[in-house]
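J.: First, the structure itself, so that you have it in front of you.
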Amino acid sequence: MAEISEAPDSDSSKLLGSDSKAPQRPDSEPEFDPKLMRKTKPGLKRLFLTFSVLFSFLLGFPFLWKSVEIYRSPLPFREIDSLSTQLRSDTLLFPLHFHALFVGFDSDPDRLRWSILSEITKLTSQNPKCSDNYTLSVTVDLGSRCLRGPTSSPHSSSYQCGSVTGDDVVQNDDVVVDERLASVFGGKNNEYSMAVVKGVSERAVVGKYRHAWMVVGDGSDVEMAVVKVAEVLIKVFINGGREEGLIRNEFMPVGADGKIVLSFNLLNADPHDWVYDWDFEKIDDTLLTPMIEALGPVANISVESQVLYHTPKASFSYWNQKLESYVFSTKDLPFFVNSNEWHLDTSIAAGGRSKILQFAVYVPSAKECPLLLQLPNGEISKTNGFISPMWGGVIVWNPQGCLKDSEFKPSAKNIIPIQDLENMFEVFIGQFRQLFGFKSLNVYTGASGDWNLLPSERGFTEWELDVLSRQHTCFNLHSCATTLGSLSRLVQSLPRMIIKDEIGKQVKLSLEAAKLALSNASSGVYEFSAASSSQARSLAEDAFFHPSIMSVSYYSFEHCFAVYSPFFLPVSMHVVLAALRELRRYKQEKAKYLAWKAKANTAT
C-alpha cells in the first residue's frame, strides 16, 4: 500500500514543478476560444479588393449597354393611329355642287330639283372609303325672269338671266358653245353645270371644261331630260364615264413615289432594209408637254426617248392576199413584244418605285411590210396599235410604199413625216388615257343615250382631271395611312430596330402632308389635295423602305443576351460569388472579435 501511495506523490511533484515554470494567468483575464473568438479587429483590405473588382464590373455594364444601344428617333405613334382611325371610321367626302339650267321650260324649279335628286340617288353607289357630298341647284330661265330652286342658293343666284339662249346652243358649233358656256358658268373646281335647251335636232355634248349641254325636242318630256341630267352628272362628271365608279382597287399608272416615266422607243426591225429616225423634241413640245403639265397635280411625269435597231418582233405574221398585207391577230399580241431583243433601257432616274410605261413605234422589215393588226371581228385596226396592261403600248408604222424596195436605199437614214408622227402620238395619248381608265373614243354611251365628249388639246379635260384628282387623293391617303400604320406596328414590335432621324422626319412630313390633303379635299381644292396626298404617300413609302430599317442590327434583347452571356456571365458569376464569400467571412471574423470583446468587458 505504501509503494502504491508513493507513486502518485512523485507524479504530483513533477506536475507541480512543471506548473511552477508556466506563466500564471491573472484572475481577471477571460477564457479565450480561438474557434469562436479573436483578439484583433478583422481587416478590410480583402473585402475592399473584392468589392472593387465587383464594382468595376457593375460600372462597366452601362458602357457595354451603351455600346450595343440602337438609336431610335421618336415617332408620332398617336398621330399615326389618329390618321388611320379617321380614315377608317369616317368616309372621306368630296364637296360637289351641281347646277342644272333649263332654258325655255315652264316648270317648277323645286319640282325639277327633287326629281333630279331622286334620280341621282338611284345612280349613286356608296363607297366605304370615299364618297361625294353634293348639292344641287336648279334654274329655269324664262328669258325675262328666272325661277330658282332653292332661292337661297348662291350658286343659282350667280347665273344672270338670259346669258344662255336656245340659239346660242342650237345654231353654233360644239366648240363655240363650249367656250360660250365656259364664260357663263365660270367652272370652279367643285362646280359642274348642265344646260338643257329646246331645239329641233336633239344632241347631248359634254364639254372639255366642267359643263355639258343637251338639246331636246319641243315635244320631249321634261322627265326624260331629268333622267339624262342626273346620268351625266353622276356617270360622267363623278365616275368619269367608267362603270367601276370613282375608286378602283389600285391607281395603276402612278408609282409609289408619285412618279411616271414615259419611255418612247423607235424600233427598226431590220436596219439592212431601212433606218428611220424621228423629231421627238418637236412632238414633246407640242403634244406631250401640255399633257404632262395638266397631270402635274396627279403625277410627276418625265419623258425619255431612244432609237433602237435590230429589234424583230417575237410573234409570226402571215400574208393575206385579199388585203395584200402581212397580218397578225390579237392572239399574237402576248408574243409581239420581244423582251430578248427589245432592250428598252431607261435612265437611272427611272429606277426605284417609279412607274415605267413603255411606248414603242415598231417599223417592220421589208419582208413583212406592210404589217397590219386584225381585230377579232375581222376588221383591220384603225390605229394599228395595242396596249399592254402594266407595260405600255405599241404602234406598228408601215413606211409609205414599203412594198417597193427600190425606192429605199439600204441603210439610208430617213425621218418619219411629222404628220405621221403626230398621228402616232395622238394614239399614244389615247393609250395613256386607257391606262388611266378613260375611254379612247370621244363617245359615252349611257342608259339614256349617247353623249359626245369634246377632247382637250391637253389630252385630259378639266372634269377628267377632277376625277383623277379625287381618285388619286382617296387612294393615296388610304395607302399612306396603311403604310404608316404598318411601320408603327413594326417599330413597336421590334425594340432593337434602328430608327434614324431621317425616318422620323419623313414620317412627320408625311403626316403633315396627309392632314393638308384632307383639309384641301374637304374644301373642294382637288389639285392641291392630289399633290399633297401624293407627297404623303411618297414620304410614307420612303420611311417604310429606308435602307437603315433593313439592317441586321434590330435583334431582340433575348438575342443580345444569348450573344454576350458566354463572354461575361462566367467571369461575372465568379466575381459575385467571391464577393459574397468574402462578405460572409468578414462578418464571421467580426462576430468573433465582438464576442471576445464582450467577454473581456464582462470580465473586467
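J.: Would you confirm whether or not the range 553-573 contains a residue that is more than 28 Å from residue 62 (Cβ to Cβ) and surrounded by fewer than 16 Cβ atoms within 10 Å (Cβ to Cβ)?
T.: The answer is no, given that none of the residues of the range 553-573 is more than 28 Å from residue 62 (Cβ to Cβ) and surrounded by fewer than 16 Cβ atoms within 10 Å (Cβ to Cβ).
J.: Now, a different point. Please tell me if residue 506 is modelled with pLDDT of 90 or more and not hydrophobic (A, V, I, L, M, F, W, C).
T.: yes
J.: Taking the condition within 28 Å of residue 209 (Cβ to Cβ), open to solvent by less than 30 Å² (accessible area, probe 1.4 Å) and not in a helix (DSSP H, G or I), does residue 96 pass?
T.: yes
J.: Sticking with this structure for a sec: Filter the range 36-52 down to the residues that are surrounded by 14 or more Cβ atoms within 10 Å (Cβ to Cβ) and either aliphatic (A, V, I, L, M) or free of Cβ contacts under 8 Å to residues at least 24 places away in the same chain (or both) and list them by number.
T.: 37, 47
J.: Also, I was wondering about something else. Quick check, is residue 113 part of a loop (DSSP other than H, G, I, E, B) and crowded, with 17+ Cβ neighbours inside 10 Å?
T.: For residue 113, the condition - part of a loop (DSSP other than H, G, I, E, B) and crowded, with 17+ Cβ neighbours inside 10 Å - is not met.
J.: Moving on. Cβ-Cβ below 9 Å, separation at least six or inter-chain, first residue in the range 482-495 and in contact (Cβ under 8 Å) with a residue 60 or more places away in the chain, second in a helix (DSSP H, G or I) and loosely packed, with under 13 Cβ neighbours inside 10 Å: which pairs?
T.: Listed by first residue and then by second, the contacts come to 495/557.
J.: Within the range 7-61, which residues are modelled with pLDDT of 80 or more and under 60 Å from the mean Cα position of the chain (by Cα)?
T.: 51, 52, 53, 54, 55, 56, 58, 59, listed by residue number.
J.: Which residues, taken from the range 144-170, are closer than 18 Å to residue 216 by Cα and either modelled with pLDDT under 75 or outside any helix (DSSP H, G or I) (or both)?
T.: Correct list: 164, 165.
J.: Next up: Return a yes/no flag: does the range 361-377 have any residue that is open to solvent by 10 Å² or more (accessible area, probe 1.4 Å) and in a strand (DSSP E or B).
T.: yes
J.: Now for a separate question. Can you spot a residue in the range 509-532 that is surrounded by 14 or more Cβ atoms within 10 Å (Cβ to Cβ), of a type in the set (Val, Ile, Thr) and part of a helix (DSSP H, G or I)?
T.: Checking the range 509-532: not a single residue is surrounded by 14 or more Cβ atoms within 10 Å (Cβ to Cβ), of a type in the set (Val, Ile, Thr) and part of a helix (DSSP H, G or I).
J.: Here's another thing I want to ask about it. Any residue at all in the range 459-476 that is aromatic (Phe, Trp, Tyr) and assigned to a helix (DSSP H, G or I)?
T.: Yes, that holds for at least one residue.
J.: Residue pairs, Cβ under 7 Å, 6 or more apart or interchain, first in the range 181-196 and without any contact (Cβ under 8 Å) to a residue 12 or more places away in the chain and under 19 Å from residue 168 (Cα atoms), second open to solvent by 40 Å² or more (accessible area, probe 1.4 Å) and part of a helix (DSSP H, G or I). List them.
T.: none
J.: What number of residues within the range 258-296 are open to solvent by 30 Å² or more (accessible area, probe 1.4 Å) and under 19 Å from residue 537 (Cα atoms)?
T.: Count: 2.
J.: Checking residue 382 against (1) closer than 19 Å to residue 429 by Cβ; (2) of a type in the set (Lys, Arg); (3) crowded, with 18+ Cβ neighbours inside 10 Å, only one condition comes out false. Which one?
T.: (3) is the only condition that residue 382 fails.
J.: Sticking with this structure for a sec: Condition first: part of a strand (DSSP E or B), at negative phi and touching a residue at least 24 places away in the same chain (Cβ under 8 Å). Now tell me which residues in the range 439-458 satisfy that.
T.: If the condition is that a residue be part of a strand (DSSP E or B), at negative phi and touching a residue at least 24 places away in the same chain (Cβ under 8 Å), then 444, 446, 450, 451, 452, 453 are the ones that fit.
J.: Which of the residues that make up the range 116-137 are hydrophobic (A, V, I, L, M, F, W, C) and either open to solvent by 40 Å² or more (accessible area, probe 1.4 Å) or within 16 Å of residue 471 (Cβ to Cβ) (or both)?
T.: 123, 130
J.: If you don't mind, there's one more thing I want to ask. All but one of (1) part of a strand (DSSP E or B); (2) at pLDDT 90 or above hold for residue 260, so report the exception by its number.
T.: With respect to (1) part of a strand (DSSP E or B); (2) at pLDDT 90 or above, residue 260 is out only on (2).
The values are calculated or read from the model by the stated rules, or taken from the named source; none is laboratory data. If you're wondering where the values come from, they're calculated on a predicted model, not measured in any experiment. Reconstructed Cβ throughout: ideal geometry from the backbone, glycine too, with neighbour counts over all protein chains shown. We work out accessible area using only protein heavy atoms, side chains counted, and drop any ligands, DNA or RNA first. Shrake-Rupley method; radii C 1.70, N 1.55, O 1.52, S 1.80 Å.
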